[in-house]
Amino acid sequence: MLNYLWLTSLVIVLDQAFKWLMVSWLSLYETFAVTPYFNLTMAHNRGAAFSFLAHADGWQRWFFIGLASVVSIALLIWLKKLKPHAKLEAVSIAMILGGALGNVIDRFYYGYVIDFLDVYYGTYHWPAFNIADSAIVIGAALLVIDSFRSKTEYL
């Protein structure tokens, strides 16, 4: 099932291309309104999801690189061991892997993850995120959906 790594590569390329575009266009904390509920806003996240550990002394950079690297290796092994009929599971894992590696590239190169998608309602803003984060969430959601599917049809 390693032939699904094209999807991992696509996620990484799209993530890095849009991050490069945003860095070239917006300054830190600069915002461009797109719709009444969506902005492009440049942010740097030194932590993990929802800025967890963002204010630590810097050790978190290497911790998150190491953690994401170990998880990525596990996902790669999982993907390799899938049976040919497990297509949705392969797509899910490939997307999660692409998202994880997209953010690892940022952490390694910049020391933080570049976020720029800002969804909000009124004064409430969801934490800024990026394409890699979106791929991880979509991949995880597809994995959950796949877990509810009947596996007896494959036996």
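The values are calculated or read from the model by the stated rules, or taken from the named source; none is laboratory data. It should be emphasised that the depicted structure is a prediction, and the values quoted were computed from it without experimental measurement. A quick note on method: Cβ atoms are made from the backbone with ideal geometry, for glycine too, and the neighbour counts reach across all protein chains shown.
Structure notes:
- Here His85 passes the criteria (1) in contact with a Phe, Trp or Tyr (Cβ under 8 Å, 6 or more places away or on another chain); (2) surrounded by 15 or more Cβ atoms within 10 Å (Cβ to Cβ); (3) at pLDDT below 95 except the one numbered (2).
- Members of region 94-130 found to be assigned to a loop (DSSP other than H, G, I, E, B), free of Cβ contacts under 8 Å to residues at least 60 places away in the same chain and not β-branched (Val, Ile, Thr), listed by number: Gly122, Trp126
- Residue list for region 1-35, filter: out of contact with any strand residue (DSSP E or B) (no Cβ under 9 Å at 6 or more places or on another chain), without any contact (Cβ under 8 Å) to a residue 40 or more places away in the chain and not in a helix (DSSP H, G or I): Thr35
- Residue in region 124-143 that is more than 30 Å from Thr35 (Cβ to Cβ) and at pLDDT below 95 present: no
- Restricting region 1-29 to residues that are polar (S, T, N, Q) and out of contact with any Gly (no Cβ under 8 Å at 6 or more places or on another chain), the residue that is nearest to Glu89 (Cα to Cα): Asn3
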